[in-house]
Amino acid sequence: MAQNDDNLLKKIAGHAKEYGFIFQSSEIYDGLAAAYDYGQNGVELKNNIKQYWWKAMVQMNENIVGIDASIFMHPTTWKASGHVDAFNDPMIDNKDSKKRYRADVLVEEYIAKIEAKIDKEVEKAQNRFGDAFDKAQFLATNPNVLRNQEKIDEINARLAKGLDTGDLADVKALIEELGIADPVSGSKNWTDVRQFNLMFSTELGSVADGASKIYLRPETAQGIFVNFLNVQKSGRMKVPFGIAQIGKAFRNEIIARQFIFRMREFEQMEMQFFVKPGEELAYYEQWKERRMKWHQTLGLGAEKYRFHDHLNLAHYANAAADIQFDFPMGFKELEGIHSRTDFDLKAHEEHSGKKLQFFDTVENESFVPYVVETSVGLDRMFLSVLSAAYTEEILEDGSERTVLKIPAPLAPYQVAVLPLLKKDESGLPQKAREILAELQYDFNCQYDEKDAIGKRYRRQDAIGTPYCVTIDHQTLEDNTVTIRDRDDLSQIRVSIDELKGKLKETTSMESLLRRL
Ligand code: GAP
């Protein structure tokens with residue numbers, strides 16, 4: 001079905017609301033921008049994503065452990081980490097529309113349009129030359145591609161220089177020279193570019209007691225760094241080892257749109273891997289591959305993921321890449337993998353006066369470990385699963401259905417138990433409840449006896465339940481039930497004794513983890 005991307009995202013958001021996945025926060029008061037609530041089905045999907053991550057990252061790695069640090073931290077944490085001084089976004093306002101934008105994003109969107117032109121050239125050539133097409137050679141020699149690439153490189157370099165040196169006047173000049181207009185109003189009447197710190201602050205203690213300013217953490221990583229020695233010593237961990245955490249983070253994003261892609265309150269799943277200095281780049285490559293595999297194992301389509309290496313590195317990093325996902329609004333960052341050197345631990349040593357080092361008994365020396373970080377947004381993971389799963393289909397009989405083809409182990413419910421008839425006299429509801437009681441130990445189940453069976457199947461399709469188990473008259477005779485498959489609509493008959501085993505084959509978290 002041809003539809004533009006905005007439409008698709010709107011449809012997904014509408015579906016997510018209608019079926020209890022995601023609601024706008026405080027909707028009865030007209031909502032709060034960029035804050036969302038997860039509903040009864042959303043929370044199940046979200047918890048399953050967390051479980052997939054926690055199992056794969058923590059419980060199945062003997063040298064990685066998890067923590068749950070508090071959101072409030074000593075204010076000096078954020079001075080040491082650089083967030084007080086440098087966690088800024090360059091913002092610019094349009095004087096006519098009064099809309100606020102991130103200056104760097106306006107430039108990046110301009111670059112994305114040039115990249116799209118390159119992609120189009122490649123596609124055209126691919127169609128023309130077929131199997132003989134050599135993409136690498138084409139990219140290295142085609143004059144149009146080279147000209148566009150040169151333009152991209154120039155713009156990138158100038159933007160990076162302006163941001164790095166704080167020459168925000170030149171960032172504004174760049175926007176004007178490129179003729180970038182307000183995407184909403186088309187106006188080019190811009191204010192100066194200003195830096196805007198993204199941390200939310202609040203007061204700790206009452207004012208009379210001399211309240212002090214503290215921050216809501218903008219990343220979970222710092223809770224890991226300040227606990228490095230606590231965990232290392234109490235867990236007798238040996239480098240290389242990792243500390244992982246899932247938790248809320250808060251950023252006062254200038255532009256917070258695109259549904260749950262960019263929020264002001266969100267969740268991160270982060271892991272800091274502590275290694276010997278000099279070994280970080282090898283681990284960085286390993287973690288890039290391992291994280292990509294974790295994503296691709298979900299089976300949403302390998303072509304939906306790609307790496308995007310950072311050319312302009314943050315001052316503390318010596319390598320960084322994003323795993324991008326093909327969201328309805330195009331390829332965007334889903335996860336970051338960063339080689340953070342010893343920047344954070346050293347900074348905390350300096351600001352706290354405490355040593356944050358590992359004693360290597362073989363070499364008989366202490367060192368500050370280097371860190372490779374993997375950081376994925378839980379809400380973005382949710383959006384990646386939801387948007388890849390959302391499918392509108394026309395069936396063979398001409399009817400339409402909207403189905404969420406969520407990977408079975410992540411689906412809110414793995415099984416729906418449906419007696420064909422609602423009437424007690426039929427004996428079917430009692431039998432169905434018996435089966436439900438047994439299945440509930442292993443699966444999250446729904447029980448539904450209302451409406452015709454076809455309607456009930458559609459309801460389960462809409463929330464992504466991979467299997468419907470139907471109890472009919474034959475069940476009472478021979479102890480068999482039908483299992484209906486969400487994706488191919490096939491139905492098989494199995495004996496109740498085999499039911500659990502059959503359902504587990506594809507819906508258990510184990511079945512997913514074994515594919516890693
Ligand atoms: N500790 C490193 C760090 O925080 P980041 O690239 O700023 O790195 C990591 O964030 C991930 O957190 C991103 O890849 C994204 O998935 C998620 N994330 C960041 N800002 C977000 C926001 N405003 N809303 C939702 N997710 C966000």
Exercise for the section: Report yes if Leu489 is assigned to a loop (DSSP other than H, G, I, E, B), touching a Leu at 6+ places or on another chain (Cβ under 9 Å) and surrounded by fewer than 17 Cβ atoms within 10 Å (Cβ to Cβ), otherwise no. Expected result: yes
Handout entry: So Ser366, is it touching a residue at least 60 places away in the same chain (Cβ under 8 Å), more than 23 Å from Ala112 (Cα to Cα) and more than 16 Å from the ligand (Cβ to nearest atom)
Key = no
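Would you call Glu176 closer than 18 Å to Arg100 by Cβ, part of a helix (DSSP H, G or I) and more than 31 Å from the chain's Cα centre (by Cα)?
On the way: closer than 18 Å to Arg100 by Cβ: yes; part of a helix (DSSP H, G or I): yes; more than 31 Å from the chain's Cα centre (by Cα): yes.
Judged against the criteria, Glu176 is a match.
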Handout entry: Top-ranked residue in the stretch 48-87 [being among the hydroxyl-bearing types (Ser, Thr, Tyr) and not in a helix (DSSP H, G or I); ranked as nearest to Glu203 (Cα to Cα)]
Key = Ser70
Exercise for the section: Kindly check whether there is at least one residue in the stretch 264-272 that is crowded, with 17+ Cβ neighbours inside 10 Å, more than 16 Å from the chain's Cα centre (by Cα) and at pLDDT 95 or above. Expected result: yes
Completion exercise
Apart from one, (1) under 30 Å from Glu449 (Cβ atoms); (2) part of a strand (DSSP E or B) all hold for Ser339; the odd one out is (1)
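Would you check if there is a residue in the stretch 24-36 being in contact with a Pro (Cβ under 9 Å, 6 or more places away or on another chain) and either surrounded by fewer than 16 Cβ atoms within 10 Å (Cβ to Cβ) or among the aliphatic types (A, V, I, L, M) (or both)? Before you say what the answer is, go through the steps one by one.
Looking only at the stretch 24-36, we keep the residues that are in contact with a Pro (Cβ under 9 Å, 6 or more places away or on another chain), and these are none.
Scanning the stretch 24-36, I find no residue that is in contact with a Pro (Cβ under 9 Å, 6 or more places away or on another chain) and either surrounded by fewer than 16 Cβ atoms within 10 Å (Cβ to Cβ) or among the aliphatic types (A, V, I, L, M) (or both), so the answer is no.
Identify, please: which residue in the stretch 210-263 is hydroxyl-bearing (Ser, Thr, Tyr) and crowded, with 18+ Cβ neighbours inside 10 Å and is, among those, farthest from the ligand (Cβ to nearest atom)?
Filtering the stretch 210-263 down to residues hydroxyl-bearing (Ser, Thr, Tyr) leaves 212, 215, 220, 234.
After this cut, where a residue has to be crowded, with 18+ Cβ neighbours inside 10 Å as well, the list is 215, 220.
Numbers: Tyr215: 14, Thr220: 7 Å.
My answer is Tyr215.
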Completion exercise
Reported set for the stretch 316-346 where residues are over 16 Å from Glu303 (Cα atoms), within 14 Å of the ligand (Cβ to nearest atom) and basic (Lys, Arg) is Arg340
Handout entry: Filtered residue count, the stretch 337-356, keeping only those that are farther than 25 Å from Phe307 by Cβ and either touching a residue at least 24 places away in the same chain (Cβ under 8 Å) or basic (Lys, Arg) (or both)
Key = 10
Handout entry: Selected residue (criterion: surrounded by the most Cβ atoms within 10 Å (Cβ to Cβ)) from residues of the stretch 313-363 that are modelled with pLDDT of 95 or more and of a type in the set (Gly, Ala, Ser)
Key = Ser339
Practice task
Report yes if Lys79 is within 16 Å of the ligand (Cβ to nearest atom), basic (Lys, Arg), within 24 Å of Val226 (Cα to Cα) and in contact (Cβ under 8 Å) with a residue 24 or more places away in the chain, otherwise no.
Solution key: no
Exercise for the section: Taking only the stretch 443-468 into account, find how many residues are in a loop (DSSP other than H, G, I, E, B) and touching a Ser or Thr at 6+ places or on another chain (Cβ under 7 Å). Expected result: 2
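Tell me whether the stretch 347-354 contains one or more residues that are assigned to a strand (DSSP E or B), on the phi > 0 side of the Ramachandran plot and either out of contact with any Gly (no Cβ under 6 Å at 6 or more places or on another chain) or within 16 Å of the ligand (Cβ to nearest atom) (or both). If you could, list the steps in order and put the result at the bottom.
Our first condition is that a residue be assigned to a strand (DSSP E or B); within the stretch 347-354, this holds for none.
No: zero hits.
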Problem - Checklist (1) modelled with pLDDT of 95 or more; (2) out of contact with any His (no Cβ under 9 Å at 6 or more places or on another chain); (3) not in a strand (DSSP E or B) applied to Gly247, failing item - result: (3)
Fill in the blank from the handout: Note on the stretch 412-442: residues of a type outside the set (A, V, I, L, M), at pLDDT 95 or above, in a helix (DSSP H, G or I) and more than 36 Å from the chain's Cα centre (by Cα) are Pro429, Gln430, Lys431, Arg433, Glu434
Exercise for the section: Test Tyr305 against the stated conditions and say whether it is in contact with a Lys or Arg (Cβ under 8 Å, 6 or more places away or on another chain) and either modelled with pLDDT of 95 or more or within 13 Å of the ligand (Cβ to nearest atom) (or both). Expected result: no
Fill in the blank from the handout: Considering the stretch 264-297, residues that are more than 14 Å from the ligand (Cβ to nearest atom), outside any helix (DSSP H, G or I) and not small (Gly, Ala, Ser), and then whichever is nearest to Gln51 (Cα to Cα), we arrive at Thr297
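Would you check if Asp68 is touching a Ser or Thr at 6+ places or on another chain (Cβ under 6 Å), modelled with pLDDT of 95 or more and more than 30 Å from Lys151 (Cα to Cα)? Write out each step before concluding.
On the way: touching a Ser or Thr at 6+ places or on another chain (Cβ under 6 Å): no; modelled with pLDDT of 95 or more: yes; more than 30 Å from Lys151 (Cα to Cα): yes.
The answer is no for Asp68.
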Exercise for the section: Could you list all residues from the stretch 138-173 that are over 33 Å from the mean Cα position of the chain (by Cα), exposed (fewer than 14 other Cβ atoms within 10 Å of the Cβ) and under 21 Å from Ala116 (Cβ atoms)? Expected result: Ala140, Thr141, Pro143, Asn144, Leu146, Arg147
Exercise for the section: Among the residues of the stretch 469-486, count how many are surrounded by 15 or more Cβ atoms within 10 Å (Cβ to Cβ), out of contact with any Phe, Trp or Tyr (no Cβ under 8 Å at 6 or more places or on another chain) and not in a loop (DSSP other than H, G, I, E, B). Expected result: 7
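The values are calculated or read from the model by the stated rules, or taken from the named source; none is laboratory data. Because the structure is predicted, anything quoted here is derived from the model rather than measured. Please note: Cβ atoms are built from the backbone with ideal geometry, for glycine as well, and neighbour counts cover all protein chains shown.
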